[in-house]
Amino acid sequence: MLEAMYQAAAWLVRANNDFEYSIVRLKEARNVKYSDFVRPGQTLLVTAEIKKSEGLITSLSAHGVVHGDVAVRAQLVLESVCLEKLAPSRAMMESWSCRQFRDEFNELTADLATPV
């Protein structure tokens, strides 16, 4: 459940930064509270909200809901990182990776923009 919240938050941070950085990593997970399990066949609906963004650090509030009840909540701190900082020999892949993430995000959210 924590991984799902991190992934949703990372997509939000990437989109908020116009996909400038290919790597968005979890720096901290604070006040993680589990109040229920997600059983096989159930859907965890994850919501993330940016609370503060300073430079490469973004603080978010996230929660996961199952059947209308909050199953997990946490305060997350994510760090955006340029690939060149972690692996200088792969710096040329940064723009390609950012384009890939943008394309995947557009594909994942395409149905959200279409009126039902």
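The values are calculated or read from the model by the stated rules, or taken from the named source; none is laboratory data. What you see is a predicted model, and the numbers here were worked out from it, not measured in a lab. Quick reminder, even Gly has a Cβ in these numbers, built from the backbone with ideal geometry, and neighbours come from all protein chains shown.
Figures for the structure shown
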| quantity | calculated |
| --- | --- |
| Positions within segment 16-39 being exposed (fewer than 15 other Cβ atoms within 10 Å of the Cβ), over 14 Å from Thr58 (Cβ atoms) and either at pLDDT below 95 or under 17 Å from the mean Cα position of the chain (by Cα) (or both), in sequence order | Val32, Phe37, Arg39 |
| Some residue of segment 86-98 being exposed (fewer than 13 other Cβ atoms within 10 Å of the Cβ), of a type in the set (A, V, I, L, M) and in contact (Cβ under 8 Å) with a residue 60 or more places away in the chain | yes |
| Residue list for segment 27-45, restricted to those being in contact with a strand residue (DSSP E or B) (Cβ under 6 Å, 6 or more places away or on another chain) and farther than 14 Å from Asp69 by Cβ | Lys27, Glu28, Ala29, Arg30, Asn31, Val32 |
| Of all residues making up segment 61-84, the number that are out of contact with any helix residue (DSSP H, G or I) (no Cβ under 9 Å at 6 or more places or on another chain) and more than 28 Å from Tyr34 (Cα to Cα) | 1 |
| Given (1) surrounded by 14 or more Cβ atoms within 10 Å (Cβ to Cβ); (2) of a type outside the set (Gly, Ala, Ser); (3) assigned to a strand (DSSP E or B), index of the condition Val13 fails | (3) |
| Residues (of a type outside the set (Lys, Arg), closer than 17 Å to Val13 by Cβ and part of a helix (DSSP H, G or I)) located in segment 61-85 | Leu83 |
| Cβ pairs under 8 Å, 6+ apart, first in segment 1-13 and touching a residue at least 60 places away in the same chain (Cβ under 8 Å), second crowded, with 20+ Cβ neighbours inside 10 Å and among the charged types (D, E, K, R) | none |
| Condition check for Glu54: loosely packed, with under 15 Cβ neighbours inside 10 Å and in contact with a strand residue (DSSP E or B) (Cβ under 8 Å, 6 or more places away or on another chain) | no |
| Members of segment 1-10 found to be of a type in the set (A, V, I, L, M) and outside any loop (DSSP other than H, G, I, E, B), listed by number | Leu2, Ala4, Met5, Ala8, Ala9, Ala10 |
| Filter result (of a type in the set (Gly, Ala, Ser) and surrounded by fewer than 18 Cβ atoms within 10 Å (Cβ to Cβ)) within segment 62-76 | Gly68 |
| Selection count, segment 16-46, where residues are of a type in the set (A, V, I, L, M, F, W, C), within 21 Å of Glu84 (Cα to Cα) and part of a strand (DSSP E or B) | 3 |
